[in-house]
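I have placed the structure first, in the form of structure tokens, so that the comments after it can refer back to it.
The values are calculated or read from the model by the stated rules, or taken from the named source; none is laboratory data. Please read these numbers as outputs of a predicted model, since none were measured by experiment. Here the Cβ is made from the backbone with ideal geometry for all residues, glycine too, and neighbour counts use every protein chain on show. SASA here: full protein model, heavy atoms, side chains in, ligands and nucleic acids out. Shrake-Rupley method; radii C 1.70, N 1.55, O 1.52, S 1.80 Å.
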Amino acid sequence: MATNKMKLGYWKIRGLAEPIRMLLHYAGVDFEEVIYEQGEGPGFDKSVWFDVKFNLGLDFPNLPYLVDGDLNLTQTISILHYLSAKTGLYPKSSNLGNISRFDMIDHVIQDFFIAGVRLCYSPKEAFEANKESVIKTGKGFMNQFSAALGDNKFFAGDEITGTDFFMFEAIDRFVRLDASFIEHDNLKKFMERIRDLPQLEKYFSSPESTHNWALNNKHATFR
């Protein structure tokens, strides 16, 4: 019997959907992308999304969204947690404290991620004025991430989890702002380790990969 593919809906950018895409590619999940492309300037029309936003049967309409059979989810972390559990890319622990720790790390990554996003979408004058300060703030997060990673291969030790894909994407966004952003050897090796995963070879090498899309939407100062 034929089964429906998962559907992942998001803008035609990397944005908050990219760590989800990475996880799905790594796990070999066959899924359908539903892409919404913002209009060109000066209007930067978003009606392609807002005209259908409340007609898709989503409980809490937003982007990104995931539809898997009768289940629909929005919010990046919720989707990552669901897919991590479904594909076995979740911390192998029955200890509630350990599981909660990874939930905490994901939310800290989101704070780090959004700090960079806000800079990118700020007006040009504010972007130039605040870039150095935001990068400095980002490096403060990196000190914490380096300490959390320690000598491990991934943030759960030898086991890769959805948290690692979220971390990779968040750090890579800052590297696009400042090529010298990563100062910790263990985080440099972590980024290389993700890039070298054989399951993601096509994702990183294919010209058609979403990894080559803009980080941010068309009205952003830094794309």
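So which residues in region 62-74 are in contact with a helix residue (DSSP H, G or I) (Cβ under 9 Å, 6 or more places away or on another chain) and either among the aromatic types (Phe, Trp, Tyr) or surrounded by fewer than 17 Cβ atoms within 10 Å (Cβ to Cβ) (or both), if there are any at all?
Residues of region 62-74 in contact with a helix residue (DSSP H, G or I) (Cβ under 9 Å, 6 or more places away or on another chain): 62-66, 68, 71, 73.
Hits for region 62-74 are 62, 65, 71.
Being surrounded by fewer than 19 Cβ atoms within 10 Å (Cβ to Cβ), of a type outside the set (S, T, N, Q), without any contact (Cβ under 8 Å) to a residue 40 or more places away in the chain and not in a helix (DSSP H, G or I) narrows it down to one of 34, 29, 48, so name that one. If you could, list the steps in order and put the result at the bottom.
Numbers: 29 fails: without any contact (Cβ under 8 Å) to a residue 40 or more places away in the chain; 48 fails: not in a helix (DSSP H, G or I).
Criteria check complete, one pass: 34.
I need a count of the residues in region 196-219 that are surrounded by 14 or more Cβ atoms within 10 Å (Cβ to Cβ), free of Cβ contacts under 8 Å to residues at least 12 places away in the same chain and not hydroxyl-bearing (Ser, Thr, Tyr). If you could, list the steps in order and put the result at the bottom.
Residues of region 196-219 surrounded by 14 or more Cβ atoms within 10 Å (Cβ to Cβ): 197, 200, 203-204, 209-211, 213-219.
Subsequent filtering for residues that are free of Cβ contacts under 8 Å to residues at least 12 places away in the same chain retains 204, 209.
Cutting the leftovers down to not hydroxyl-bearing (Ser, Thr, Tyr) gives us 204.
Summing the residues that are surrounded by 14 or more Cβ atoms within 10 Å (Cβ to Cβ), free of Cβ contacts under 8 Å to residues at least 12 places away in the same chain and not hydroxyl-bearing (Ser, Thr, Tyr) in region 196-219 gives 1.
One line per residue, one yes/no per condition, for (1) surrounded by 12 or more Cβ atoms within 10 Å (Cβ to Cβ); (2) not hydroxyl-bearing (Ser, Thr, Tyr):
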{"site": "98", "(1), (2)": "yes, yes"}
{"site": "105", "(1), (2)": "yes, yes"}
{"site": "124", "(1), (2)": "no, yes"}
{"site": "150", "(1), (2)": "no, yes"}
{"site": "163", "(1), (2)": "yes, no"}
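Only one of these is among the aliphatic types (A, V, I, L, M), open to solvent by 10 Å² or more (accessible area, probe 1.4 Å) and in contact with a Pro (Cβ under 9 Å, 6 or more places away or on another chain): 179, 156. Name it. Show your work before the answer.
Values: 179 fails: in contact with a Pro (Cβ under 9 Å, 6 or more places away or on another chain).
That would be 156, the only listed residue that is among the aliphatic types (A, V, I, L, M), open to solvent by 10 Å² or more (accessible area, probe 1.4 Å) and in contact with a Pro (Cβ under 9 Å, 6 or more places away or on another chain).
Kindly list, by first and then second residue, each pair from a residue in region 120-131 that is part of a loop (DSSP other than H, G, I, E, B) to a residue that is surrounded by 13 or more Cβ atoms within 10 Å (Cβ to Cβ) and modelled with pLDDT of 95 or more, limited to pairs with Cβ atoms under 7 Å and residues at least 6 apart or on different chains.
Going by the 7 Å Cβ cut-off, the qualifying pairs are 122/130; 122/221; 123/221.
Select from region 75-96 the residues that are of a type in the set (A, V, I, L, M, F, W, C) and closer than 27 Å to residue 5 by Cβ and write down the one among them that is most open to solvent (accessible area, probe 1.4 Å).
First pass over region 75-96, keeping only residues of a type in the set (A, V, I, L, M, F, W, C): 77, 79-80, 83, 85, 89, 96.
Add one more test, that the residue is closer than 27 Å to residue 5 by Cβ, and what stays is 77, 79-80, 83, 85, 89.
Values: 77: 16, 79: 0, 80: 4, 83: 0, 85: 62, 89: 19 Å².
Among them, the one singled out is 85.
What number of residues in region 135-148 are closer than 14 Å to residue 114 by Cα and either open to solvent by 70 Å² or more (accessible area, probe 1.4 Å) or without any contact (Cβ under 8 Å) to a residue 24 or more places away in the chain (or both)?
The total comes to 1.
Which residue out of 131, 92, 136 is farther than 29 Å from residue 47 by Cα, at pLDDT below 95 and among the basic types (Lys, Arg)? I'd like the intermediate steps shown before the answer.
Working: 131 fails: at pLDDT below 95; 136 fails: at pLDDT below 95.
Of the residues listed, the single one that is farther than 29 Å from residue 47 by Cα, at pLDDT below 95 and among the basic types (Lys, Arg) is 92.
Given the conditions (1) assigned to a loop (DSSP other than H, G, I, E, B); (2) of a type in the set (S, T, N, Q); (3) surrounded by 12 or more Cβ atoms within 10 Å (Cβ to Cβ), and given that residue 110 satisfies all but one, which numbered condition is not satisfied?
Checking residue 110 against (1) assigned to a loop (DSSP other than H, G, I, E, B); (2) of a type in the set (S, T, N, Q); (3) surrounded by 12 or more Cβ atoms within 10 Å (Cβ to Cβ), the one that fails is (1).
Kindly list, by first and then second residue, each pair from a residue in region 98-117 that is closer than 22 Å to residue 131 by Cβ to a residue that is polar (S, T, N, Q) and not in a helix (DSSP H, G or I), limited to pairs with Cβ atoms under 8 Å and residues at least 6 apart or on different chains.
117/216
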